[in-house]
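> Supplied in structure tokens, the structure appears directly below.
The values are calculated or read from the model by the stated rules, or taken from the named source; none is laboratory data. Bear in mind the structure is a predicted one, so any value in this text is a computation, not a measurement. Quick reminder, even Gly has a Cβ in these numbers, built from the backbone with ideal geometry, and neighbours come from all protein chains shown.
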Amino acid sequence: MFDVDRLIARHCCEGRSLLAVLHAIQDEVGFVPQQALPALARAMNLSRAEVHGVLTYYHHFRTSAPPRVGVALCRAESCRSMGTEALAAHIEARTGCRFDAKHAEGGHGATHTASAAGEPVELESVYCLGQCALSPAMTINGTLHAKVTPAKFDALFEAACTEAGVEPAHKESV
């Protein structure tokens with residue numbers, strides 16, 4: 001696990017912005033633990049409400065451990081014109097998860113299961129991965145993939161699940 005006091009001491013230094021500290025903590029731990037907020041507020045001479053406000057305002061920050069398999073699909077115009085919505089439907093059917101469920105349920109950083117073994121998989125919509133000429137684009141566990149088809153997704157998802165030690169759900173393809 002992590003020691004909150006050491007974590008804060010390691011990342012809070014004079015002149016460092018709250019955003020920089022939150023990024024550093026998340027880079028080290030994988031998320032910004034809720035129990036770190038009071039110590040972080042004290043160290044930065046801010047209120048807990050200010051720290052909480054910044055943490056929850058920015059979509060990038062998590063307050064719980066990330067999923068074992070995270071899929072981010074571009075839903076911007078170029079990818080839409082190249083079939084990303086049909087791909088999204090395929091991905092939801094294949095994984096048994098819904099896109100953006102953590103936001104719809106108001107749970108910052110919540111994960112949703114897609115596997116028979118109950119391992120966490122998360123689907124997230126993003127708006128532009130900078131691969132417009134290679135649409136549709138997505139990331140799986142932070143690795144960028146372009147010109148993704150349903151068959152390509154299935155292979156990538158299977159590989160990501162295997163690498164993460166997750167038993168993928170075997171749903172019917174759409």
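> Please verify whether region 109-123 includes one or more residues that are touching an Asp or Glu at 6+ places or on another chain (Cβ under 9 Å), crowded, with 20+ Cβ neighbours inside 10 Å and at pLDDT 85 or above.
Yes, the conditions are met somewhere in region 109-123.
> So, one more: Report whether or not Ala41 is free of Cβ contacts under 8 Å to residues at least 24 places away in the same chain and either aliphatic (A, V, I, L, M) or not in a helix (DSSP H, G or I) (or both).
Yes, satisfied.
> For residues that are surrounded by fewer than 14 Cβ atoms within 10 Å (Cβ to Cβ) and not β-branched (Val, Ile, Thr), scanning just region 51-84, find the one that is farthest from Leu129 (Cα to Cα).
Result: Gly53.
> What pairs come up if the first residue lies in region 84-98 and is part of a loop (DSSP other than H, G, I, E, B), the second is among the hydrophobic types (A, V, I, L, M, F, W, C) and surrounded by fewer than 17 Cβ atoms within 10 Å (Cβ to Cβ), and their beta carbons are under 9 Å apart, counting only those six or more places apart or on different chains?
Correct list of pairs: Arg98/Ala104.
> Would you please name the residue that is surrounded by the most Cβ atoms within 10 Å (Cβ to Cβ), looking only at residues in region 132-148 that are in a loop (DSSP other than H, G, I, E, B) and in contact with a Leu (Cβ under 7 Å, 6 or more places away or on another chain)? Give the derivation first.
First, pick out the residues of region 132-148 that are in a loop (DSSP other than H, G, I, E, B): 135-137, 141-142, 146-148.
Narrowing the set further to residues that are in contact with a Leu (Cβ under 7 Å, 6 or more places away or on another chain) leaves 136-137, 146-148.
Working: Pro136: 28, Ala137: 25, Ala146: 16, Lys147: 12, Val148: 25.
Once the filter is applied, the top-ranked residue is Pro136.
> Let me spell it out: the conditions are (1) surrounded by fewer than 18 Cβ atoms within 10 Å (Cβ to Cβ); (2) in the same structural domain as Cys132 (by TED's automatic domain parsing); (3) not small (Gly, Ala, Ser), and Arg10 meets all of them except one. Which number is the exception?
(2)
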